[in-house]
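These notes concern the structure reproduced below.
The values are calculated or read from the model by the stated rules, or taken from the named source; none is laboratory data. This structure is a prediction, so every number in the text was calculated from the model and none was measured. Counting neighbours? That spans all protein chains shown, and the Cβs are built from the backbone with ideal geometry, glycine included.
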Amino acid sequence: MTMTLFTRLDAEWRELGASPPAVTALGMWAGTDGAFREFSNLCELVEGMRHSADRERNDELLACLAGRAQSDPYAARALFQAVFPGLIRIAADFRPATHSDEEIASVVIATAYERIRTYPIGRRPRSIAANVLLDTRQAVSRSVCKPRVREVPTADIEKLIVKAPEKTASDELLGIIAEAVRTRRLGVVDAQLVVLSCLAAVPTVELAAAQGCTVHTVRRRRLKAEAVLKAVAACVA
């Protein structure tokens, strides 16, 4: 399955993970967490974890990243890349006929970033990768999978409505993005920009560096994309 968002992010990572700011971030982490000292850049860190059979060591590294992910975009992106293969598998599993590859990829990417940036390291300090992937799979299932049609007694409908979980702001925005991409009012690249900027909270400077353009260009594209999404939202409201 070809997914432009995933392949583009992976290509960007090869430059971003070895960039001077990423190396500087890794050096700062190594000052307090010795587990990072054997790596010269974030690409090496992620590849080292992927090819290591030492689960305890990997979990230690992932826990260190998860603990920083809420405030450090480089830690969040490194953790995202560590679970990247699992996210591709999730996207492949949740591709019903009513959704395109890019729509599913956008949902998976945004959901995974949200889970990573809000990961409760204090409550779940172990099995970081497995937890992120499980949380992402469950959230994606709720977001993109329509419930199977079945007969429900009329008396029970009100109870079901009361108990149904409300959509979050992220869920609503993802739905609008998916509709904008489906109707070709928003391009895939600009959809990715909104997902990473608005939902994943990736800094504008990082996006500009990864895409090889200026901060002004990123901001201009984001404003245009947001204007399209407002128009789409008004139509589907």
Among I104, I121, I128, the single one that is touching a helix residue (DSSP H, G or I) at 6+ places or on another chain (Cβ under 9 Å), under 14 Å from V140 (Cβ atoms) and not polar (S, T, N, Q) is I104
Which is in contact (Cβ under 8 Å) with a residue 24 or more places away in the chain, outside any helix (DSSP H, G or I) and either of a type in the set (K, R) or on the phi > 0 side of the Ramachandran plot (or both), of R115, R95, R124? R95
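Only one residue in F84, F6 is among the hydrophobic types (A, V, I, L, M, F, W, C), surrounded by 14 or more Cβ atoms within 10 Å (Cβ to Cβ), at pLDDT below 90 and in contact with a helix residue (DSSP H, G or I) (Cβ under 9 Å, 6 or more places away or on another chain). Which one?
On the way: F84 fails: at pLDDT below 90.
Going through F84, F6 in turn, just one is among the hydrophobic types (A, V, I, L, M, F, W, C), surrounded by 14 or more Cβ atoms within 10 Å (Cβ to Cβ), at pLDDT below 90 and in contact with a helix residue (DSSP H, G or I) (Cβ under 9 Å, 6 or more places away or on another chain): F6.
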Subset tally (residues that are more than 20 Å from F84 (Cβ to Cβ) and either among the polar types (S, T, N, Q) or in contact with a Phe, Trp or Tyr (Cβ under 6 Å, 6 or more places away or on another chain) (or both)) for segment 12-28: 1
Quick check on segment 166-173. Is at least one of its residues more than 22 Å from R222 (Cβ to Cβ) and modelled with pLDDT under 85? yes
Could you go through segment 132-149 and let me know if any residue there is at pLDDT 75 or above, within 30 Å of E60 (Cβ to Cβ) and buried (at least 23 other Cβ atoms within 10 Å of the Cβ). yes
What about R220, is it over 22 Å from I109 (Cα atoms) and modelled with pLDDT under 75? no
List pairs: first in segment 216-237 and of a type outside the set (F, W, Y), second loosely packed, with under 13 Cβ neighbours inside 10 Å, Cβ under 8 Å, 6+ apart or cross-chain? V232/T183
Leading residue by the ranking (surrounded by the most Cβ atoms within 10 Å (Cβ to Cβ)) among those in segment 27-60 that are under 22 Å from E15 (Cβ atoms), within 21 Å of the chain's Cα centre (by Cα) and not acidic (D, E): L42
